[in-house]
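> First the structure, then my questions, so here it is.
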Ligand SMILES: [Zn+2]
């Protein structure tokens, strides 16, 4: 298991690690006609992929379950029923988002 699945008890440490991986930019996917890219807006907060309400706070605080997000995408990630979620590639679910985040981080050289 890589450190990306380690549980964090210190949220400021989790924030620092994810912001470093994200380069301070929103990691939420934007679907184009042929490719999907990261949003890239300045990241202001962290968003859980599997929300703290569903998995419990303790199990949610992992690098692989958190993405850096702009304000707009932090809201949409926490509310999967929102319209914003339609910009995420099919099948529009948490698993797809988690896989996408893992893939882009790996491509950028982060062994999470
Ligand atoms: Zn964004």
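Every number in this text was worked out from the coordinates using simple rules, so none of it is lab data. Predicted, not measured: the structure shown is a model, and the values here were computed from it. As a convention, Cβ positions derive from the backbone with ideal geometry for all residues, glycine included, and neighbour counts pool all protein chains shown.
> Along the Cα-to-Cβ line of residue 102, 7 Å from the Cα, sits a label point; which residues in region 19-52 have backbone N less than 17 Å from it?
29, 48-51
> Right, something else. Based on other C-beta atoms within 10 Å, arrange 21, 101, 30 from fewest to most. Kindly include the intermediate steps, with their values, before the conclusion.
On the way: 21 21, 101 26, 30 16.
In order of increasing Cβ crowding within 10 Å: 30, 21, 101.
> Counting other beta carbons within 10 Å of each Cβ, put 10, 61 in order, fewest first. Each step should come with its number before you reach the end.
Details: 10 10, 61 21.
Ordered from fewest to most neighbouring Cβ atoms within 10 Å, 10, 61 come out as 10, 61.
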